[in-house]
Structures are given as C-alpha cells and as structure tokens.
Amino acid sequence: MALEFECPTCQGVLQVGEDMAGRVIRCGGCLSTLRVPQVSAATQIPPTLPEESLPPLHSRRTESTVTEPLPALPATPAQPSGRREWELINTDDVSQRDVSQRDDQESAPRDDRFRRFRHEPSTAPANSRGIFFWLVVIGFILSILVIGCCGGILFLLPDADWQWHESKVGGFKVKLPGPPQANVEDAVGIRLDKGTYAEGTVYLKRAETFMVIYRDIPSTAERRQRNKTDDDELAETIDRLLKATADGKQPRRKPVTVNGFPGYDLSYQGRSGWYTARVVVADTRRYIVLAVGPRANSSHAREFINSFAITDPRLVAEGQRRQNQAPPDTDENNANRE
C-alpha cells in the first residue's frame with residue numbers, strides 16, 4: 001500500500017510507502033522538510049493502479065512520487081508538459097527543529113543522497129559594460145598607439161644639421177638645418193607671384209619651415225623718380241606679407257640694417273604658427289627671410305634669421321657705398337624709419 005498526502009508548502013501531492021509513516025522527508029518540489037502523516041491521516045491507495053485510473057495530464061495539482069532512499073538516481077527523461085514528477089529526498093537525520101522551519105535555500109546540500117534534476121536559469125551576473133565603455137577603451141588604445149607611433153617617428157627623425165646654403169640666383173647665403181627642398185613655400189601655404197622665388201627647407205622634427213623669398217624690383221633711383229623711397233617699398237612688402245600670412249595683423253617691428261640696406265625684423269602669430277621674419281630692400285632686390293614654427297622666436301628661427309647675408313657682388317658694392325655715405329646709425333634714425 002502507498003500513502004498519498006499534500007505538501008503544506010507547495011500543495012504538491014506526495015506518494016510514499018506505508019512504511020514511511022511518521023518519518024521525516026524533504027519535498028522534492030520545494031525542498032521543505034515535513035513529517036509523513038500516520039496511516040489514519042493519509043489516503044491509502046493500492047500499490048499499483050490501473051493506467052486508466054491515473055489522473056488526467058491537465059489535472060489542477062502537480063503530483064509527486066516518493067521512493068525509498070537509493071544510492072543514486074540517473075537523469076530521467078523530460079516529463080509531459082501536463083504532469084510533473086518530483087523526487088523526495090530522504091532526510092531521516094533531520095532533527096525535529098528542522099521540521100518546523102522552512103528551508104529557504106534554493107539548491108540542495110552537497111551531501112544529499114538525491115538531487116533535483118531540473119533546469120535552473122544561470123545566476124552569472126549580466127555584463128553591465130555597454131558599447132560606450134568599449135568605445136572609450138578602443139579610443140584609449142588607439143590614442144596610445146598613435147602617440148607611440150608618432151613619438152617613434154619623431155625619435156627616428158634626424159636632428160638639425162646646420163649648413164650654409166648659398167644661392168647664386170638670389171645672391172644671398174643663409175644657414176639651414178638641413179638640405180634645401182623644392183616648393184618649400186607649400187609647407188606654410190604661401191602663394192608666390194610670378195617672378196617671385198623661394199629657397200629653404202622644412203625641419204620635420206620641430207615642424208619648422210625656413211625660407212628666403214626674393215624678387216627683383218626697380219632700383220632705388222628709378223623708384224625715386226616716382227616719388228617712392230626704400231621705406232615705402234619696405235612698408236608695401238610688409239603689408240603684403242601680413243595679408244598672406246596673418247590677415248593684416250600688425251606685428252612687432254624692429255629696424256635693422258643688412259649689408260648697408262634698410263630692413264625690419266618682425267614677430268607675430270599667423271595662420272601656420274609663429275612667424276619670425278626679416279624684410280630687406282637691397283636696391284634692385286627685395287628679400288623676405290622667413291621662419292615659421294610652433295613657438296615664438298625660437299632659437300632655430302633666430303639662428304636662421306641672423307645668418308642671412310647678401311652675396312651678390314653688385315649689391316654688396318652698392319651696400320658698401322651706402323654705408324660709407326650714410327650718417328652714424330642712431331636710435332633716432334631707426335625711430336624715424338618706423
């Protein structure tokens with residue numbers, strides 16, 4: 001004979017053998033501990049029931065089956081959707097105190113002789129790192145790679161190798177941090193008019209550009225016939241330079257004399273960085289000695305500007321003649337040139 005009774009916690013129908021009456025068991029459905037009622041308090045059913053007497057699959061209650069303690073149970077195949085079979089866990093060693101308390105744990109102890117065979121959802125924490133987090137990580141890695149590559153490239157670039165560059169066509173010489181390059185004016189976005197030329201180089205390690213821009217112009221005597229002095233030519237040249245590089249901003253000016261010819265030193269911030277320039281009107285030729293870089297008045301710019309000298313024999317002779325005829329150079333004369 002078998003005893004059939006209801007679990008007071010999950011209302012599942014449990015079936016046990018008659019010899020289990022009064023013993024402590026654990027419900028296979030909710031894992032609650034309970035005591036099997038006596039024979040008089042439970043419903044007795046035959047040990048075997050005909051197949052047609054079994055409750056229908058769509059019964060309101062979920063039935064369970066109790067078996068005697070076994071060494072181990074293999075995994076059972078999935079049950080029909082309308083009926084669930086629970087396995088009871090033998091808990092003869094559970095104390096009376098445990099009977100009155102509900103076991104709130106979701107999984108059976110590790111030393112249980114019987115385990116539940118059912119699918120449980122994964123308790124692994126969901127990945128809370130969104131796409132923004134990974135975009136930040138990727139951007140950071142790319143930044144490190146770019147900085148490392150750029151730093152490695154700059155490290156491999158050669159240092160400044162100052163050498164004299166002498167132009168036969170332009171009639172000048174100047175120190176450059178490297179060999180001269182063609183179309184050097186393109187590095188700073190300067191467009192040259194027809195008849196205007198530029199010679200110089202780009203120092204990549206400091207992102208600096210050095211060039212001498214020159215052009216032939218009417219002589220001083222010819223300009224005087226049109227009431228135009230050297231100072232007028234200087235002012236016009238400076239104005240064109242500022243419009244091409246600094247939108248007409250007024251820089252700091254300092255008058256200078258180069259090989260007996262008048263000129264100005266300029267320093268200002270323009271479209272491509274800081275500009276350090278020396279503008280000279282040497283009778284029939286106009287020079288713009290220009291250094292462009294990320295820093296104002298850098299040591300390289302000053303070395304380049306100060307090394308400029310006119311070498312054209314005819315211009316050198318004219319400059320020497322003017323120096324011999326000119327009055328002593330005073331601060332008052334330089335101020336009048338401004």
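The values are calculated or read from the model by the stated rules, or taken from the named source; none is laboratory data. Treat the numbers as computed from the prediction; the structure is a model and nothing was measured. Every residue, glycine as well, gets a Cβ built from its backbone with ideal geometry; the counts of neighbours run over all protein chains shown.
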Based on what the data block shows, is Val281 in a strand (DSSP E or B) and either surrounded by 15 or more Cβ atoms within 10 Å (Cβ to Cβ) or touching a His at 6+ places or on another chain (Cβ under 6 Å) (or both)?
yes
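Is it the case that segment 286-296 has a residue that's part of a strand (DSSP E or B) and in contact with a Pro (Cβ under 7 Å, 6 or more places away or on another chain)?
So far as segment 286-296 goes, no, none of its residues is part of a strand (DSSP E or B) and in contact with a Pro (Cβ under 7 Å, 6 or more places away or on another chain).
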**Asked** If we scan segment 245-252, do we find a residue that is part of a helix (DSSP H, G or I), surrounded by 21 or more Cβ atoms within 10 Å (Cβ to Cβ) and not aromatic (Phe, Trp, Tyr)?
**Response** yes
Quick check: is even one residue across segment 302-317 buried (at least 19 other Cβ atoms within 10 Å of the Cβ), of a type in the set (A, V, I, L, M, F, W, C) and in contact with a Phe, Trp or Tyr (Cβ under 7 Å, 6 or more places away or on another chain)?
yes
Within segment 299-315, restricting to residues that are among the hydrophobic types (A, V, I, L, M, F, W, C) and under 12 Å from Glu208 (Cβ atoms), the one that is farthest from the chain's Cα centre (by Cα) is Phe304
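Counting only residues that are of a type in the set (Ser, Thr, Tyr) and touching a Lys or Arg at 6+ places or on another chain (Cβ under 7 Å), which one in segment 245-275 is nearest to Glu222 (Cα to Cα)?
The residue in question is Tyr264.
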Out of (1) in contact (Cβ under 8 Å) with a residue 40 or more places away in the chain; (2) under 38 Å from the mean Cα position of the chain (by Cα); (3) over 18 Å from Leu176 (Cβ atoms), the one Val279 does not meet is (2)
Screening Ala207, Ala221 for residues that are among the aliphatic types (A, V, I, L, M), over 18 Å from Leu290 (Cβ atoms) and surrounded by fewer than 19 Cβ atoms within 10 Å (Cβ to Cβ) leaves only Ala221
Expected single match for of a type outside the set (Asp, Glu), in contact with an Asp or Glu (Cβ under 8 Å, 6 or more places away or on another chain) and either surrounded by 14 or more Cβ atoms within 10 Å (Cβ to Cβ) or under 23 Å from Pro180 (Cα atoms) (or both) among Val258, Val292 is Val292
Note: among Asp283, Asp329, just one is in the same structural domain as Phe172 (by TED's automatic domain parsing), more than 21 Å from Lys205 (Cβ to Cβ) and at pLDDT below 90, namely Asp329
Practice item. State yes or no: is Val169 assigned to a loop (DSSP other than H, G, I, E, B), free of Cβ contacts under 8 Å to residues at least 60 places away in the same chain and closer than 23 Å to Ile310 by Cβ? Key: yes
